[in-house]
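Student: If you scroll down you'll find the structure; I have some questions about it.
The values are calculated or read from the model by the stated rules, or taken from the named source; none is laboratory data. Keep in mind that this is a model prediction, so the values were computed, not measured. For neighbour counting, all protein chains shown are included, and Cβ atoms are generated from backbone atoms with ideal geometry for every residue, glycine included.
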Amino acid sequence: MPRTVVYALGGNALSSPDGGDEEDTALVLAKVMSDVVDLLESGWRVVVTHGNGPQVGRLLELDSDTPMDSWVAATQGMIGHSLSINLDSILRRRGRPERTAVLLTRVEVDGSDEGFNLPTKPVGPILDDDSVMSRDWDIAETIHGARRVVASPLPMRILDLQVIQALVDQHAVVICGGGGGIPIIDKNSHYSGVPAVIDKDRLSALLAVKLDAEALIISTGIDAVRTGFGTANEISHSSLSLDQCEEYMAAGEFPLGSMAPKIGALMEAALHRPGLSSILCAPGDALKAIRGETGTTIRA
């Protein structure tokens, strides 16, 4: 039977916040493309999700008045196009039958989510004093300076789930869920976009569960989960149980701004879809990680 994998990559894999080194970006993108093709050739159906933080940040710097949900939608199209045109070219050269499908993905969140009462997710550029005083935004002081902050609510429902499933059934490589999805609330039976950022990895976990996927892969800048990072007691883990993850979380082993959301998302998928392989690995290692040869697998 065909198996489905949700493959999540970060926005920094496509473009670093300051524009980054084009050569390094191209190398990471090539490894991502290689992962997708390797998975297809091993019989997997592939759904790709991606981050968009650097891209949205630059667009907000150019135009901060456009609603954030519109910029999330715009970057879904921009990044999806870039991934799609590269991947379709490779698939055609390799004689593969699959083609890509890029889908704007709307995700419902709870309008009463506590995140809206205490926004903490920094977005956009560093603000000068005039902007701080004149803008009707939630603003917080970061290590780099004052920045706008928005809510980061949990994803509740993927509005376009049935369309994604239909495309997967047609053997398309579906590129969706960009930036965690376009955040939508349902108010009096009317959908409205909201200024928020849904965690891309949490959305990827929800998508993997709802698609009955056999694997969730979070592709990131390290090759495995480590504890005691940077110390003489550093350990690289090839596998972790949910209980072990909980213990390491409580001990502060996974920083809130980096590894904690990824581990949390992998735990969610493993908990709600027994038998699913929740994997963290570096770009280029996806197939080896599924085989247990590298990366870290979290199991219920």
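Student: Which of (1) surrounded by fewer than 23 Cβ atoms within 10 Å (Cβ to Cβ); (2) in contact with a helix residue (DSSP H, G or I) (Cβ under 8 Å, 6 or more places away or on another chain); (3) not aliphatic (A, V, I, L, M) does T49 not meet, given it meets every other one?
Tutor: (1)
Student: Hey, among A282, A232, A286, which residue is of a type in the set (G, A, S), at pLDDT below 95 and buried (at least 17 other Cβ atoms within 10 Å of the Cβ)?
Tutor: After applying the criteria, what remains is A282.
Student: Which pairs turn up if I take residues in region 60-71 that are more than 18 Å from P183 (Cβ to Cβ) and look for partners that are surrounded by 17 or more Cβ atoms within 10 Å (Cβ to Cβ) and among the small types (G, A, S) with beta carbon separation below 8 Å, at least 6 apart in sequence or on another chain?
Tutor: Pairs found: E61/G124.
Student: Within region 242-256, can you find the residues that are acidic (D, E) and within 17 Å of G230 (Cα to Cα)?
Tutor: Passing the criteria: only E253.
Student: Scanning region 73-110 for residues that are farther than 30 Å from I185 by Cβ and free of Cβ contacts under 8 Å to residues at least 24 places away in the same chain, which turns out surrounded by the most Cβ atoms within 10 Å (Cβ to Cβ)?
Tutor: Here the answer is D88.
Student: Give the residues of region 170-205 that are touching a strand residue (DSSP E or B) at 6+ places or on another chain (Cβ under 9 Å) and in a helix (DSSP H, G or I), sorted by residue number.
Tutor: Of everything in region 170-205, those that are touching a strand residue (DSSP E or B) at 6+ places or on another chain (Cβ under 9 Å) and in a helix (DSSP H, G or I) turn out to be G178, G179, G180, K200, D201, L203, S204, A205.
Student: Name the one entry in L159, L167 that is in contact with a strand residue (DSSP E or B) (Cβ under 6 Å, 6 or more places away or on another chain), more than 23 Å from G53 (Cα to Cα), surrounded by 15 or more Cβ atoms within 10 Å (Cβ to Cβ) and at pLDDT 95 or above.
Tutor: Testing whether each residue is in contact with a strand residue (DSSP E or B) (Cβ under 6 Å, 6 or more places away or on another chain), more than 23 Å from G53 (Cα to Cα), surrounded by 15 or more Cβ atoms within 10 Å (Cβ to Cβ) and at pLDDT 95 or above leaves just L167.
Student: Right, something else. Could you say whether any residue in region 90-108 is basic (K, R), farther than 22 Å from G180 by Cα and at pLDDT below 85?
Tutor: Scanning region 90-108, I find no residue that is basic (K, R), farther than 22 Å from G180 by Cα and at pLDDT below 85, so the answer is no.
Student: Under 8 Å between Cβ atoms, which residue pairs at least 6 apart in sequence (or on different chains) link something in region 48-59 that is within 21 Å of R99 (Cα to Cα) with a partner that is buried (at least 24 other Cβ atoms within 10 Å of the Cβ) and among the charged types (D, E, K, R)?
Tutor: Note: pairs meeting the criteria are T49/K200; H50/K200.
Student: Same structure again: Here are the criteria: (1) at pLDDT 90 or above; (2) closer than 25 Å to D138 by Cα; (3) surrounded by 15 or more Cβ atoms within 10 Å (Cβ to Cβ). Tell me which single one S70 does not satisfy.
Tutor: (3)
Student: I'd like to check something: does region 119-133 contain any residue that is in contact with a Phe, Trp or Tyr (Cβ under 6 Å, 6 or more places away or on another chain) and either surrounded by fewer than 13 Cβ atoms within 10 Å (Cβ to Cβ) or farther than 19 Å from V209 by Cα (or both)?
Tutor: No, that holds for no residue.
Student: Run down L206, L240, L211 and say which single residue is crowded, with 20+ Cβ neighbours inside 10 Å and either modelled with pLDDT under 95 or closer than 22 Å to G115 by Cβ (or both).
Tutor: So the residue among L206, L240, L211 that is crowded, with 20+ Cβ neighbours inside 10 Å and either modelled with pLDDT under 95 or closer than 22 Å to G115 by Cβ (or both) is L206.
Student: Would you kindly identify the helices (runs of 4 or more DSSP H) lying entirely within region 206-300 that contain at least 2 residues that are of a type in the set (D, E, K, R) and in contact (Cβ under 8 Å) with a residue 12 or more places away in the chain?
Tutor: The qualifying helices (runs of 4 or more DSSP H) are 259-272.
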